[in-house]
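One structure is given below, encoded as C-alpha cells.
The values are calculated or read from the model by the stated rules, or taken from the named source; none is laboratory data. The structure presented is a predicted model; accordingly, all values stated were derived computationally and were not measured. Note that we place each Cβ from the backbone using ideal geometry, even for glycine, and neighbour counts take in every protein chain shown.
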Amino acid sequence: MARQDLSSEQQLIGAALGSKEGLSPAERERARALLAAIVTSSQDAIASKTLDGIVTSWNSAAERLFGFSAAEMIGQSITKIIPEELQHEEIEILAKLRRGERIERYETTRVRKDGERLDISLTISPVRDSTGTIIGAAKIAHDITARRRAEREVAKLAAERELFLESERAARSEAERLSHMKDEFLATLSHELRTPLHAIQGWAGLLRERRARPEDYERGLETIERNVRLQVQIVNDLLDMSRIISGKIHLEVQPVYLHDIVNNAIEAVRQSAAAKAIRIQAILDSRIGLVRGDPSRLHQVLWNLLSNAVKFTPKGGRIQVVLERVNSHVEISVEDNGIGIPAEFLPHVFDRFRQADATTSRRYGGLGLGLSIVKNLLELHGGTVRVKSPGENQGSTFIVSLPISHVLTEELGAGPSQPASPDPLETIELPRLDNVRVLVVDDEGDGRALIARILEDRGALPQCAASAEEALEVLGREQFDVLLSDIGMPNIDGFQLIRRVRNLDRYRFSPLPAIAITAYARAEDRQRSLLAGFHLHLSKPIEARELIASISGLIRLSKQLGG
C-alpha cells in the first residue's frame, strides 16, 4: 500500500482507538481494520507506547528498521533504542505528549539491535480514549540515514570547496606579497648598487679632467675605494644568503677567545662611530676563556650588529657592548640609544629582505639581509639572537646567545691559544716580480688593462689575451711563468681553457702555475676552479696586494716542487 499522509494516518489511529465520536460500532470496526492494514503495510516504522514509554505495538517496518522483533519490544521501554547520550529526549517527548502536544518531523538518532546508529524523522501524536483522556502515544519513524549522509557529504564537499577557495585566496595573496617583496627588493638592490656607482663614475670622470685640483685626487680615490667596498659587501651578503638558503655554508670551527672577537669587531667600526661622535663602551668578561666557533663568521655577526648600531644611532649617541656568562651559555649584547624598532616590526626584524622603512624616502640604506644572515650564522653555531626595543626613538638591544663549549687544555696544541695579531698589511713590503712572464686572459678589456698595470708596477712582463682561443694560440708558441684567467668567457670558458692548458703541460718541465680571477665567488665556484686545474682562485674585485702575493707565492712553490 502506498505511504499515506501522516495526518490521515493519525486520524485513523484516533478513530480506531475511539477518539472520534459519532461512529457506529461497524464504522469503528472498519476504521480499526483499515488502520491495521495501513500499519502492517506501511514502509515507515509505526509503534505505540504508554505515557511511561512502554511499547504497546510494533509493526513489521519497525522490526526491519530497528532489528528488534515485536516480541522483543512490546512490554519494553522505548529507551531500548535511544542512545545513552539522548535519553533525555524521551523525558521531554513524554512531557509534551501529556500536555497534548503533537511532535512533527523531529529528526534525531536511534540505535539498531546490532549497534548501528540510524538517523530518523519522528512524528509522535498523543492517543486519547473515548473520554478524551491521553492514554499513550503513536509514533511514526522514517529512516533518513541516506538523506543525512548525503547532506553530510554535501556539507563536507562545500567545506572542502571553501577550504580550497580559502587556500587558493591565501596562495594568491602570498604570491602577490612575494611578488611585491621581489619588486621591492629589486628596486632596493638597484638603488644600493647605483648609489656607489654614481660616486665611482663621478669621481673617475672628474679626476680625468685637467681642472682637477691636487687635493681632488686623494679625496676622489678614497671615495672610489670606499664605494667599491660597499658594493663588495652587498655582493658578499647576497652570496652568503644564497649559501645559507641552499645549505652550502660551512663553518671552520676552532678554539676562539670571544672577547678578542668582540674587540676586533669594535675596532672595525671605531672609525665610523667616531665620524658620528658615537661613544662605544665595552664591558667584556675575559674569564670566559676559549670556546669553539668560526672566528671569521662570529666576527661577521658582531660587525653586522655593531654596524647597524652605528648606522641607526644619531650623532653624539652611545653604544654599549657586554660580554658575560649567563648560566650555561655566553651572552653578547649590543645596546644603542638610536631610533629603536616599532613594536609591529619586532617579529620581522630577522626576516630576509624585510626593512622597517622600505619607502623611497627612507633615511638608511641596505638590502635587509644582514640580520637574517646573523640569525642563520648563529643557529649554525647552536646559538640564538633576539631583539628588544621599548619603541621608536628609544634604542634597541640585540642579544646573542652562544652555548659554552670549553676547549680542553690538551686541545690547545692544535692551534694558537690566542688569535695572532698580524701586522697591518700595508706595512709589509710586497715582493718584486721582475721579468716574470704572465699571460692575462679576460674578455673584458678594462679588467685586462688593470691587471697588466698592477703587474708592470712590480716588474712583471704581462701579455694579454682577449679570449681563450687567443690564449691557446699564444701558449702554443711562447713560454710563460704564470697564467691568470677569467672564468666567464664566450665560446671557451676558463674551465675549458685550463683543461687544455693541462694537456699542453706534457711539453713543459712542470705544470704552468695558474690562477683563476673571476666574479664567480661562491665556495662551490672555488672548488670547481681547483678541480678543473687552477692552483688558486681569487674573487673579483681583486686587491692588488693579494694578486702580487698570490703570484709570488705560487712561483716560489712551483720552483721548490720543480727543483
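Data for the structure
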{"quantity": "Residue list for segment 505-530, restricted to those being in contact with a helix residue (DSSP H, G or I) (Cβ under 9 Å, 6 or more places away or on another chain) and at pLDDT 85 or above", "calculated": "Pro511, Leu512, Pro513, Ala514, Ile515, Ala516, Ile517, Arg528, Ser529"}
{"quantity": "Gly413 being at pLDDT below 90, part of a loop (DSSP other than H, G, I, E, B) and either touching a helix residue (DSSP H, G or I) at 6+ places or on another chain (Cβ under 6 Å) or within 29 Å of Arg297 (Cβ to Cβ) (or both)", "calculated": "no"}
{"quantity": "Test: residue in segment 269-292 that is over 20 Å from Leu371 (Cβ atoms), at pLDDT 85 or above and among the hydroxyl-bearing types (Ser, Thr, Tyr)", "calculated": "no"}
{"quantity": "Condition check for Ala523: in contact with a Pro (Cβ under 9 Å, 6 or more places away or on another chain), closer than 22 Å to Lys248 by Cα and touching a residue at least 12 places away in the same chain (Cβ under 8 Å)", "calculated": "no"}
{"quantity": "Candidates Leu512, Leu504 - the one that is crowded, with 17+ Cβ neighbours inside 10 Å, over 44 Å from the mean Cα position of the chain (by Cα) and under 26 Å from Arg556 (Cβ atoms)", "calculated": "Leu512"}
{"quantity": "Close pairs from segment 319-344: first of a type in the set (S, T, N, Q) and at pLDDT below 90, partner surrounded by fewer than 17 Cβ atoms within 10 Å (Cβ to Cβ) and not in a strand (DSSP E or B), Cβ under 8 Å, at least 6 apart", "calculated": "Ser328/Ile404"}
{"quantity": "Hits in segment 252-292 - residues which are surrounded by 16 or more Cβ atoms within 10 Å (Cβ to Cβ) and within 28 Å of Gly316 (Cβ to Cβ)", "calculated": "His259, Ile261, Val262, Asn263, Asn264, Ala265, Ile266, Val269, Ala273, Ile278, Ile280, Leu284"}
{"quantity": "Complete set of residues in segment 129-150 that are in contact with a Gly (Cβ under 7 Å, 6 or more places away or on another chain) and within 20 Å of Leu94 (Cα to Cα)", "calculated": "Asp129, Ile134"}
{"quantity": "Hits in segment 419-444 (condition: more than 44 Å from the chain's Cα centre (by Cα), at pLDDT 85 or above and surrounded by 10 or more Cβ atoms within 10 Å (Cβ to Cβ))", "calculated": "Pro431, Arg432, Leu433, Val436, Arg437, Val438, Leu439"}
{"quantity": "Matching entry among Ile492, Ile498 (being touching a helix residue (DSSP H, G or I) at 6+ places or on another chain (Cβ under 6 Å), farther than 19 Å from Ala449 by Cβ, part of a helix (DSSP H, G or I) and not polar (S, T, N, Q))", "calculated": "Ile498"}
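Matching residues to (1) modelled with pLDDT of 90 or more; (2) surrounded by 13 or more Cβ atoms within 10 Å (Cβ to Cβ); (3) under 14 Å from Leu298 (Cβ atoms); (4) in contact with a Pro (Cβ under 9 Å, 6 or more places away or on another chain):
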{"residue": "Gly370", "(1), (2), (3), (4)": "no, yes, no, no"}
{"residue": "Val374", "(1), (2), (3), (4)": "no, yes, yes, no"}
{"residue": "Leu380", "(1), (2), (3), (4)": "no, yes, yes, no"}
{"residue": "Val385", "(1), (2), (3), (4)": "yes, yes, yes, no"}
{"residue": "Gly391", "(1), (2), (3), (4)": "no, no, no, yes"}
{"residue": "Ser417", "(1), (2), (3), (4)": "no, no, no, yes"}
